[in-house]
Amino acid sequence: MIPERSLEVLRAIVQDFIYSNQPVGSKALLDRHPLGVSAATIRNDMALLEEEDLIKAPHTSSGRIPTEKGYRLFVDRLGEVKPLSSAERSAMERFLAEANDLDDVVERAARQLANLTNTLALVQYPSLGKSTVRHVELIQLAANRVLLMLITDSGRIQQIQLDAQSPIEDSLVQELRARLNGMLISSALADVKSKLNSIADEFAPDRRPFVNQAVIALQSLVDANRQEKIVVSGSANLVRQGEDFSGELSSVLDAIEEQVVLLRLLNELQADQHGVALRIGSEIGFDGINHASLVVSGYQSSGTEVAKLGVMGPTRMDYSGNIAAVRAIARYLTQILEGNQ
């Protein structure tokens, strides 16, 4: 059992090392923190923490730095998470409010999260299995050209132009729009293909070529949702902090390139303390990465989690600030999706 005073010393060491990136000594702790004890007592506490593998001496310096175990205990004993400042929150909301559609929202969320945390930001698109059809729109642009739009409950809007060989009657456009919406509204995207199988048979033979063309195009829009995707922003932040990864930066960048690996990591993580999932160093479970940390939260639509977002950075990261930023962006994305219902 680690005494509370020793835990205070550990907290101070982690906070100072995160801020300065320099080994922390007993004199520095006394100068910066109101610990209320002598230098000799601090040294005894540091000796205990080192014995427990919570801190270590990186070289001959008298200072100490946190170990992976030390960071984990620090996070587990983290008190209140400091919220975003009013200026940060206002800037975030203004930036995201300017988005035009879901694709733009996801892109902007990733950029904003990277800027807030000075880390790599990861934002997953809402997945196919959890999205439903909100509306299908057909708009006649010319005699033989129609705009087909698919709108999902997550707010994503996709469109494609259909060019027919001969003029398309307005009555056909209206009838097809009505039948598609009657058949597909509130349907899971995964069920769209099976529901469209026989729709052409409901139309007169001379109208079936355009109906089939529209069905194929609509299915292509659905299939575009089928590709689970992550938007990544802030790779330059990691490069600037390359020395914090102790020679592992190339492994970290390789992991980022493997979106399948990132998707697996995100999907495996479940929120626990502070409303986020947090993995430190070897806990991430990726070979060659022992000096990175991952903070992840989910965002929702209709009360159900539809995707995740998070940040990856060195273990020497601002855990409290990054947790607050991840939670704030997740809440904002949830509000946007709920507003699209």
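The values are calculated or read from the model by the stated rules, or taken from the named source; none is laboratory data. The structure presented is a predicted model; accordingly, all values stated were derived computationally and were not measured. Quick reminder, even Gly has a Cβ in these numbers, built from the backbone with ideal geometry, and neighbours come from all protein chains shown.
The C-beta contact set for the stretch 160-180 (first residue farther than 23 Å from Val133 by Cβ, second residue surrounded by 15 or more Cβ atoms within 10 Å (Cβ to Cβ) and among the hydrophobic types (A, V, I, L, M, F, W, C), distance under 6 angstrom, 6+ apart or interchain) comprises Ala164/Phe210. In the stretch 158-178, the qualifying residues are those that are surrounded by fewer than 18 Cβ atoms within 10 Å (Cβ to Cβ) and under 30 Å from the mean Cα position of the chain (by Cα), and the one that is nearest to Thr334 (Cα to Cα) is Gln159. On inspection, Asp103 fails the criterion of being more than 19 Å from Ser320 (Cβ to Cβ), among the charged types (D, E, K, R) and not assigned by TED's automatic domain parsing to the domain that holds Asp272. The selection criterion, being touching a residue at least 12 places away in the same chain (Cβ under 8 Å), touching a strand residue (DSSP E or B) at 6+ places or on another chain (Cβ under 8 Å), of a type in the set (S, T, N, Q) and outside the structural domain of Ala217 (by TED's automatic domain parsing), holds for Thr119. Leu102 satisfies every condition listed in (1) surrounded by 14 or more Cβ atoms within 10 Å (Cβ to Cβ); (2) under 21 Å from Gly313 (Cβ atoms) except (2).
Spot the failing condition for Pro83; the list is (1) closer than 15 Å to Ser320 by Cα; (2) assigned to a helix (DSSP H, G or I), and only one is missed. Failing condition for Pro83: (2).
You will find that of Val239, Val295, the residue that is at pLDDT 90 or above, among the β-branched types (Val, Ile, Thr) and either outside the structural domain of Thr334 (by TED's automatic domain parsing) or under 25 Å from Gln335 (Cα atoms) (or both) is Val295 and no other. Restricting Val222, Val215 to those that are over 19 Å from Gln165 (Cβ atoms) and among the hydrophobic types (A, V, I, L, M, F, W, C) reduces the list to Val222. Counted as qualifying within the stretch 216-301 are the helices (runs of 4 or more DSSP H) with 1 or more residues that are under 30 Å from Asp153 (Cα atoms), namely 249-257, 259-268. In the stretch 297-341, the residue that is surrounded by the fewest Cβ atoms within 10 Å (Cβ to Cβ) out of those that are closer than 20 Å to Thr67 by Cβ and hydroxyl-bearing (Ser, Thr, Tyr) is Ser320.
Of the residues examined, Leu294 is one that is in contact (Cβ under 8 Å) with a residue 12 or more places away in the chain, of a type in the set (A, V, I, L, M, F, W, C), within 23 Å of Arg11 (Cβ to Cβ) and crowded, with 18+ Cβ neighbours inside 10 Å.
If I go through the stretch 91-116 residue by residue, how many of them are out of contact with any strand residue (DSSP E or B) (no Cβ under 9 Å at 6 or more places or on another chain), charged (D, E, K, R) and part of a loop (DSSP other than H, G, I, E, B)? Looking only at that region, the number is 1.
Can you tell me which residue among Val211, Val215, Val252, Val232 is in contact (Cβ under 8 Å) with a residue 24 or more places away in the chain, outside the structural domain of Asp287 (by TED's automatic domain parsing) and crowded, with 16+ Cβ neighbours inside 10 Å? Val211 is the lone residue from the list that is in contact (Cβ under 8 Å) with a residue 24 or more places away in the chain, outside the structural domain of Asp287 (by TED's automatic domain parsing) and crowded, with 16+ Cβ neighbours inside 10 Å.
Scanning the stretch 179-193 for residues that are more than 29 Å from the chain's Cα centre (by Cα) and either exposed (fewer than 13 other Cβ atoms within 10 Å of the Cβ) or not in a helix (DSSP H, G or I) (or both) returns a single hit, Gly182.
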